[in-house]
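Structure record follows, encoded as structure tokens.
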Amino acid sequence: MAIVGGGPSGLVAGYYLARAGKKVALFERKLSVGGGMWGGGMMFNEIIVQESALHILEEFGIRYHHYEETYYTADSLEAVSTLISGAIKAGLTIFNCVSVEDVIMRPERVIGLVVNWSAAEIAGLHVDPLALRSRFIIDATGHDTEVVRVVQRKVPGKLNTTSGKVEGEQSMWSDKAETLTLKNTREVFPGIYVAGMAANATYGGPRMGPIFGGMLLSGERVAQLILKRLKS
Ligand code: 48F
């Protein structure tokens, strides 16, 4: 299995897949994994997590405090560093500084990824990439939904969305986005699942600001969907 993007949704997906004994690699463009979680809300280094996602914080051992109603807060630095540590200890292999620039296609489905060093990409060097096969791919690239956009542009066929294309992210509506993220976490093209903000961007859901429970739950959900699929 291959996960593209090391934000909260990708890390949680990697954790659950690796913990189930699957061979799973995560590719992250940047030097550091963690995506948009490090800075919490506007760099106040605090994230908000709703009650329904607390079991994931507990699974990793991330401390949290009650804020109000069904909302809790956690330290973003503790959250990211603990997610990374937990995922690696569970068996996830992380390739940082690697960018996914394309997919490998066959008539029926996508069967792998095309990767290159981010440094080569940033420097604009004309270096041929390498390709790797993967039974399932998770696009967890956040707002930009990069893998799905490549598929839309270069692979014959339609995405499993209303228009057959990336619907695009909508403006902020936190409560709605939190529920929609889970609904939107699914297989969007044969061989490719979307998770986290990439799921909302693909299916046209709103953004949600510093509430991160949906990202964590989406990572858990995509792992569950793939594990179920592998059993059937
Ligand atoms: O954006 P990101 O954190 O994705 P996420 O898991 O979480 C979203 C939240 O952080 C936040 C939010 C919550 O309310 O809206 O934004 O959906 O992490 C995505 C990661 O993917 C990497 C990127 O550097 C980031 O760390 N990435 C993006 N495109 C590529 C990639 C690519 N083509 N190849 C490798 N990594």
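The values are calculated or read from the model by the stated rules, or taken from the named source; none is laboratory data. Since this is a predicted model, take the numbers as computed values, not measurements. Neighbour counts are summed over all protein chains in view; Cβ atoms, including those assigned to glycine, are modelled from backbone coordinates with ideal geometry. Heavy atoms of the whole protein, side chains included, go into the accessibility calculation; ligands, DNA and RNA do not. Shrake-Rupley method; radii C 1.70, N 1.55, O 1.52, S 1.80 Å.
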request  = Tally the residues that are of a type in the set (Ser, Thr, Tyr), open to solvent by less than 40 Å² (accessible area, probe 1.4 Å) and in a helix (DSSP H, G or I), restricting the search to region 50-98.
outcome  = 2
inquiry  = Contact list please: Cβ distance under 9 Å, first residue in region 216-232 and more than 13 Å from ALA18 (Cβ to Cβ), second residue open to solvent by less than 40 Å² (accessible area, probe 1.4 Å) and charged (D, E, K, R), pairs at least six apart or on different chains.
reply    = LEU217/GLU178
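Kindly indicate whether LEU11 is surrounded by 18 or more Cβ atoms within 10 Å (Cβ to Cβ) and near the ligand (Cβ under 10 Å from one of its atoms).
yes
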request  = Would you be able to tell me the number of residues in region 64-123 that are among the β-branched types (Val, Ile, Thr), in contact with a strand residue (DSSP E or B) (Cβ under 7 Å, 6 or more places away or on another chain) and more than 18 Å from GLU51 (Cα to Cα)?
outcome  = 11
task = Go through (1) in a strand (DSSP E or B); (2) without any contact (Cβ under 8 Å) to a residue 24 or more places away in the chain; (3) β-branched (Val, Ile, Thr) and name the single condition VAL103 misses.
result = (2)
Filtered residues of region 185-209 (kept if open to solvent by less than 10 Å² (accessible area, probe 1.4 Å), assigned to a loop (DSSP other than H, G, I, E, B), modelled with pLDDT of 95 or more and more than 9 Å from the ligand (Cβ to nearest atom)) = THR185, GLY191
task = Considering only region 154-179, state which residues are assigned to a loop (DSSP other than H, G, I, E, B), in contact (Cβ under 8 Å) with a residue 24 or more places away in the chain and open to solvent by less than 30 Å² (accessible area, probe 1.4 Å).
result = VAL155, LEU159, THR161, VAL166, GLY168
key: Scope region 14-34; condition closer than 16 Å to HIS55 by Cβ and either out of contact with any Asp or Glu (no Cβ under 9 Å at 6 or more places or on another chain) or surrounded by fewer than 21 Cβ atoms within 10 Å (Cβ to Cβ) (or both); matching residues   = ARG19
note = Filtering region 166-181 for residues that are under 24 Å from ARG229 (Cβ atoms) and away from the ligand (no atom under 13 Å from the Cβ) leaves a count of 3
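In region 37-49, what count of residues is obtained for those that are within 22 Å of ALA90 (Cβ to Cβ) and either open to solvent by 20 Å² or more (accessible area, probe 1.4 Å) or assigned to a helix (DSSP H, G or I) (or both)? Working first, answer last.
Let us first name the residues in region 37-49 that are within 22 Å of ALA90 (Cβ to Cβ), namely 37-38, 47, 49.
Checking the rest, the ones that are also either open to solvent by 20 Å² or more (accessible area, probe 1.4 Å) or assigned to a helix (DSSP H, G or I) (or both) come to 37-38.
Residues flagged as within 22 Å of ALA90 (Cβ to Cβ) and either open to solvent by 20 Å² or more (accessible area, probe 1.4 Å) or assigned to a helix (DSSP H, G or I) (or both) within region 37-49 amount to 2.
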